[in-house]
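Just so you know, all these numbers are worked out from the coordinates, no wet-lab data involved. Quick caveat: nothing in here was measured; it's all calculated off a predicted structure. For neighbour counting, all protein chains shown are included, and Cβ atoms are generated from backbone atoms with ideal geometry for every residue, glycine included.
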Amino acid sequence: MDRTKHTLNELLVGLFNYILYIEEKNLHDKGVKLTMHEVHTLESIQKTRDNSMTYVARRCMVAQSTLTSNVAKLEKKGYAVRYKDENDKRITRVKITDKALEVLKIHDDFHEHMINKAVHDLGLDENELLIDTLENILEYLREEYHDKTKTTK
């Protein structure tokens, strides 16, 4: 069992690190001067159903003060805009700009190319066991750590 735990850890960490490295290199090669963390923050803002800073921070699994700092940097670079809610001035909302949409298009294209290549080259479209296993790992992580990110961040 120790070998299994060690191997699973190496696989997950290795996959995560490789994907982040390749993703960031791809963005830089295309002239994007943002960190992966910044791009993923933009992606979370774009994909959220509630664009309040509180909800976006929860979605990003960071403290609201961390998101405020990150969004301030993105605002200075022209990728995001904060504004007050029309009905409740206590709520600050955030949206991405057209400039951010260009970056997210590059980011989405990278993911699509990476997945298409992996599916084609490795025959993953036929590997239901792998897909089921990855879905189980993701579901486990969501269930195990979702509440902890709310209380510790």
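Spacing of the modelled spin labels on residue 135 and residue 37, each 7 Å from Cα toward Cβ, amounts to 3.4 nm.
Computed 3J(HN,Hα) for segment 125-141, one whole-Hz value per residue from the Karplus formula 6.51 cos²θ - 1.76 cosθ + 1.60 where θ = phi - 60°, is 5, 9, 9, 5, 4, 4, 4, 4, 5, 5, 4, 5, 5, 4, 4, 4, 4, glycine and proline marked x. Across the chain, the relative contact order, built from alpha-carbon pairs under 8 Å that are at least six residues apart, equals 21 percent.
Counting only alpha carbon atoms, the long axis of helix 98-122 and the longest principal axis of the chain meet at about 10°. Semi-axes of the equivalent ellipsoid for the chain, computed as √(5λ) from the eigenvalues of its C-alpha gyration tensor and ordered from largest down, come to 31, 21, 14 Å.
Rounded to the nearest 20, the Cβ-based charge dipole of segment 3-44 about its Cα centre (Lys and Arg +1, Asp and Glu -1) stands at 180 debye.
Computed packing ranks the peptides 28-36, 55-63, 70-78 as 55-63, 70-78, 28-36, most packed first, by mean other Cβ atoms within 10 Å.
Think of each Lys and Arg Cβ as +1 and each Asp and Glu Cβ as -1; about the Cα centre, that makes the dipole of the chain roughly 1240 debye.
Give me the angle, in degrees from 0 to 90, between the Cα long axis of helix 64-76 and the longest principal axis of the Cα atoms of the chain, rounded to the nearest 10. Between the helix axis and the principal axis of the chain, the angle is about 80 degrees.
Were the residues from residue 72 through residue 117 laid out at 0.36 nm apart, the gain over their Cα-Cα distance would be 12.6 nm. Summed over qualifying helices (DSSP H, 4 residues or more, each -39500 (n - 2.57)) and divided by its residue number, the chain shows a 222 nm mean residue ellipticity of -24500 deg cm²/dmol. Toward the positive end of the charge dipole of segment 2-122, with +1 on the Cβ of Lys and Arg and -1 on the Cβ of Asp and Glu, the farthest Cα among 106, 72, 11 is that of 72.
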